[in-house]
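Inspection log for the structure reproduced underneath, given as structure tokens.
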Amino acid sequence: MGCTVGVARSSERAQLNSSLHGCWYAVATVDGVGGAPVAVEVLGTPYVIWRTPDQRLAAVKDQCSHREARLSLGRVEDGCLRCPYHGWAFAEEGRCVEVPSSGVDAPIPPAAHLTPVLLEEHHGLVWLCPGEPTSSVPVIDVDHDPAFTRLNTAMQIWNCSATRMIDNMLDVAHFPYTHAGTFGREQEKEVPKFSLSQLDDTFYGYEYSVVINNEGEAKTMSGGGGDVIGLDMSTGFALPFTVRSTMSYENGIEQVLFMTATPMSSERSMFTFVLWRNDDVSETGQGIVDFELAVALEDQHMLERVPGELSLDHGALVDTASDKASVEWRRRFKALLDEGAV
Ligand code: FES
Ligand SMILES: [Fe+2]
């Protein structure tokens, strides 16, 4: 039987949730949660995030305890989430603090309180854990290095499976074709042999060198140079759904690209990336982000036209030497799902 990640069949959903609900998922940018409730979805379950009076973040399932209305359609008042249907108000920790129809002195029914959902902030992103955490948010080693500046971009929704997104992020063989409009060079279509290793305490993957187009907007990212440029890279994954690529240019510029995919359903996922750079990005930051957004759009265009999830079954796909990081991710991801199977 194939493994599914989304919300396909109910028996598989149970397996899925018990396997993955202890993991952390990037659901929003920190700057993306302001004065209004934010609706997100993880593994088929909708959640709502809002800010408490002291600006901390809070989350509950996006379902009112009264008549199950979508709380994310309501508003935030004095740090409380106000349901749009009958106006019940919920403070942080999901505590119901007001039932307008009952009057101010009436006791709040104990069942009115909602269960809080765990959130953490890392790398300018809001991370949500649907259950009891069994793992940590991936550590990016340059995150606390003062030589590096972090650049965030908005959370996107892609109409494709997160499994296909991770496979794509671990793949260099598509550069000359999928990314012909940005940095890909058709002359560099052969992928040299590489081996997999533990890149640091968090990421597992491979190191390699590439030659890429460095024309026009690409020069913003590389910091200049000729129209073709070589760089040393590494690409690795941290289960379940994050990938980090590091890029070292000959001129000393270092860039770390951290990509996250969050499965909303079997064919819908959230996506964002975070960049760290060791050069001055005060003038170039937006151009660098825009270039990476153009690259991501090329991947999105390809993946949104492929239905369903990537098969995790051994032998179901044709794999070549350049696919071995994806093969290893699929093997480990399947093992993670099997661990949680009941
Ligand atoms: S459904 Fe939320 S207050 Fe009634
Ligand atoms: Fe790509």
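Bear in mind that the values in this text are calculations on the coordinates, not laboratory data. What you are looking at is a predicted structure, and each value in this text was computed from that prediction instead of being measured. Quick reminder, even Gly has a Cβ in these numbers, built from the backbone with ideal geometry, and neighbours come from all protein chains shown.
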### Query
So which residue, out of Ala69, Ala39, Ala261, gets the largest mean-square fluctuation from a GNM of the chain using Cα contacts under 10 Å as springs?
Ala69
### Query
So for Glu217, Glu283, fewest C-beta neighbours within 10 Å to most, what's the order?
Glu283, Glu217
### 0 to 90° range, to nearest 10: angle between helix 324-339 axis and the chain longest Cα axis
30
### Query
Which angle between 0 and 90 degrees, to the nearest 10, do you get for helix 285-303 versus the longest principal axis of the chain when only C-alpha atoms count?
90
### Message
Could you give the length gained by full extension between Gln55 and His86, i.e. 0.36 nm per residue of separation minus their alpha carbon distance, to one decimal place?
### Response
8.6 nm
### Query
What FRET efficiency would be calculated for the residue pair Ala147, Glu120, taking the C-beta separation as r and a Förster radius of 25 Å, to the nearest 0.05?
0.50
### Task
Find the centroid of the Cα atoms in segment 284-342 and in segment 212-278, then give the distance between the two in whole Å.
15
## Note on the structure
Taking Cα atoms, the helix 10-20 axis meets the longest principal axis of the chain at an angle in degrees (rounded to 10) of 70
### Task
Would you look at the GNM of the chain, springs on alpha carbons closer than 10 Å, and say which of Met264, Met302, Met233 moves the most?
Met302
### Query
What full-extension length gain, to one decimal in nm, is calculated for Ser311 and Val211 as 0.36 nm per residue of separation minus the Cα-Cα distance?
32.9 nm
### Message
Along the Cα→Cβ direction, 7 angstrom out, place labels at Leu239 and Ala36. What is the inter-label distance in nm?
### Response
3.9
### Query
What's the local net charge at Cys160, with K and R +1, D and E -1, over the other residues with C-beta under 14 Å away?
-3
### Candidates Leu231, Leu81, Leu310, ranked by Gaussian network fluctuation over the chain, Cα under 10 Å, top entry
Leu231
### Label-point separation in nm, Glu250 to Lys334, each point 7 Å along Cα→Cβ
4.2
### Summary
Placing each pseudo-label 7 Å from Cα in the direction of the beta carbon, Val139 and Ser282 end up separated by a distance in nanometres of 3.2
### Task
Note down the magnitude of the dipole of segment 141-339 about its Cα centre, charges +1 on Lys and Arg C-beta and -1 on Asp and Glu C-beta and zero elsewhere, to the nearest 20 debye.
500
### Query
Put +1 on the Cβ of every Lys and Arg and -1 on every Asp and Glu Cβ in segment 141-339; which of Ile157, Leu231, Asn214 then has its Cα farthest towards the positive end of the dipole?
Ile157
### Message
With +1 assigned to the C-beta of every Lys and Arg and -1 to the C-beta of every Asp and Glu, and no other charges, what is the dipole magnitude of the chain about the Cα centre in debye, to the nearest 20?
### Response
1160
